[in-house]
Amino acid sequence: MANAIYPLWKQALMEELPTKKSLDQGGIDPAEGCYVSLVDNTVYTYSDSHQYYSSLTGTLNTPQLLGNATVTGRIFAADPVVWTNVTGAKIGALVIVRQSANPSSSWRLVLYEDTGIVGVPLIPSGGNILLTWNVQGIFGL
């Protein structure tokens, strides 16, 4: 699979736009929180039909909050993320989710990324994992 923005999130984004002033104010509300999960992509298979966090399988450790998430010039960016004491199977992908309600099973899937990630795939050995995003941003709309 190649990197992809989940189509059902894009659909939800378009449905929200009429109530927003601009794209920079809609769709990804940093105040609601965006999280990133480490995923074993030998367990989870991306699908265009997946919409919520409950569709994910093979997640490792706890999803981490994307600090200082912003949308500027239609580019989504955030601070680096650290997972501590990571164990488990092979990490082969990252998934960004948007917190829209509780429980986490109803969080919307935003982005699946499994290519072009430095150091991935990797097998965690109980140490920390630091994820540093591209200086140009995580993705654009």
Collect the residues in the stretch 90-107 that are among the charged types (D, E, K, R) and either closer than 16 Å to Ser47 by Cβ or modelled with pLDDT of 90 or more (or both), keeping them in residue-number order.
Lys90
Which ones in the stretch 107-139 are loosely packed, with under 14 Cβ neighbours inside 10 Å and either in contact with a Phe, Trp or Tyr (Cβ under 7 Å, 6 or more places away or on another chain) or under 14 Å from Leu56 (Cβ atoms) (or both)?
Asn128
If we ask which residues in the stretch 39-50 are in contact (Cβ under 8 Å) with a residue 24 or more places away in the chain and either surrounded by fewer than 18 Cβ atoms within 10 Å (Cβ to Cβ) or acidic (Asp, Glu) (or both), their number turns out to be 6
For the stretch 29-48, indicate whether the set of residues that are part of a loop (DSSP other than H, G, I, E, B), at pLDDT 90 or above, polar (S, T, N, Q) and touching a helix residue (DSSP H, G or I) at 6+ places or on another chain (Cβ under 8 Å) is non-empty.
yes
Against the condition under 18 Å from Glu113 (Cβ atoms), loosely packed, with under 13 Cβ neighbours inside 10 Å and modelled with pLDDT under 90, how does Ala69 come out, does it pass?
no
Quick check on my filter: what residues within the stretch 113-141 are out of contact with any strand residue (DSSP E or B) (no Cβ under 8 Å at 6 or more places or on another chain) and either of a type in the set (A, V, I, L, M) or part of a strand (DSSP E or B) (or both)?
Val118, Val135
Please find, among Val95, Val110, the residue that is outside any loop (DSSP other than H, G, I, E, B), without any contact (Cβ under 8 Å) to a residue 60 or more places away in the chain, touching a strand residue (DSSP E or B) at 6+ places or on another chain (Cβ under 8 Å) and closer than 17 Å to Pro7 by Cβ.
Val95
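The values are calculated or read from the model by the stated rules, or taken from the named source; none is laboratory data. Since the structure is predicted, the reported quantities are computational estimates derived from the model, not experimental observations. As a convention, Cβ positions derive from the backbone with ideal geometry for all residues, glycine included, and neighbour counts pool all protein chains shown.
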